[in-house]
1. What is the distance in Å between the Cα centres of segment 242-289 and segment 131-193?
2. Run the accessible area of segment 99-207 with a 1.4 Å probe and give the carbon-and-sulfur part as a rounded percent.
3. Efficiency by 1/(1 + (r/R0)^6): what FRET value for residue 173 and residue 264, r their Cβ-Cβ distance, R0 = 25 Å, to the nearest 0.05?
4. What order do 124, 241 take when sorted by accessible area (1.4 Å probe), most exposed first?
5. So for 243, 101, what's the accessible-area order with a 1.4 Å probe, most first?
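The values are calculated or read from the model by the stated rules, or taken from the named source; none is laboratory data. Note that the structure is predicted; figures quoted are calculated from it, not measured. Every residue, glycine as well, gets a Cβ built from its backbone with ideal geometry; the counts of neighbours run over all protein chains shown. All accessible areas refer to the heavy atoms of the entire protein, side chains included, with ligands and DNA or RNA removed. Shrake-Rupley method; radii C 1.70, N 1.55, O 1.52, S 1.80 Å.
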Amino acid sequence: MRKQMEGDNQRRRALARDARRQGRQPSETGTSLSASKQLTSLDRGQRSGPPPAGRHKPDSTRGGPAPPPTAVATATRPLPDSGQDSRVEPMGYRELVDEVSRRAGVDFRTAKVGAEATVLALAWALDEAERERLLEAVPVKLHDVVPVDGIERHQDLPGFLAEVGRISGRTPEQARYQAEATLAALADHDGDLIESLDVPDGLRDLLTPPEPGGGLVGARSAAAPLTEAELRAALADLPYWSSDRQSLVRTIELPPGNLDRVLDRLDQLRVDTGRGPQIGRPDPDNAVLTVRSRTADAVTAADVDLAHRVDDAIEEVGAGMASG
């Protein structure tokens, strides 16, 4: 053992001399370690194996290549698409009915019934797949209640308008301008939907904005005033009414008890249809009924229809009084 140590020391001294000739310190080559330390260091390296994976602090005393420099990006990474969702938000129920009301020049309740009837009749005129697309795009309140007697499928315009009128309790003429107002409101909100629906050819006219006039549609998509000739023709069928071009007026003269019954029936008309005449009562025996469209500030087709309903209600009460 002693001889081995002496041999190691001689070799270590020789290595140290070689290091000095090269201008290096013996410690830089590990030559200054004693023989026992050199062996211990060597044994430790063999036992430990290679260093763990990953980045390590550069150390020139350990030998081997230095780690590569930190990579520098040469191109930016593609970013996720930050564009807004292109899907159209469903139109709100009240928002849609308000728009139909404005376009048709009718009150909210009348517009609601007309919009519901239009959506239901159109849905049943479409094929099943197209029907599902339409019903998914409109407010649920417009089609969550189906009439007890069902819905008839009509793909021709007269039959379709008759069905809308049957569901809503309106005439075919009124059904048309309410249907047009409903589809125009839907198209304004989601034109792609309305354009892409496979609407039967017979109903395509409803998708085209109607020409102003006829007391149905105005230049701004609201109810239009009746022309003078149209108003004269309407008054010919309303013998108890007069007009100042802005309204229709009828005066009723009855004993107070009977008059009260008539006015109660007219109040019920407002509840049933969402619209009724303005009622003035200058004295117990007289009442003045006034019908007008505030949005048009003139007499419209809807006013003429309401005047006929008023006459029917008064007749109904009169027949009851006569039988009593």
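1. The distance from the Cα centre of segment 242-289 to that of segment 131-193 comes to 32 Å.
2. Values: 2380 of 4770 Å².
That fraction is 50 percent.
3. Working: r = 30 Å, r/R0 = 1.19.
Plugging the Cβ-Cβ distance into 1/(1 + (r/R0)^6) gives 0.25.
4. Numbers: 124 75, 241 15 Å².
Most to least solvent-accessible, the answer reads 124, 241.
5. Working: 243 45, 101 20 Å².
Greatest to least solvent exposure: 243, 101.
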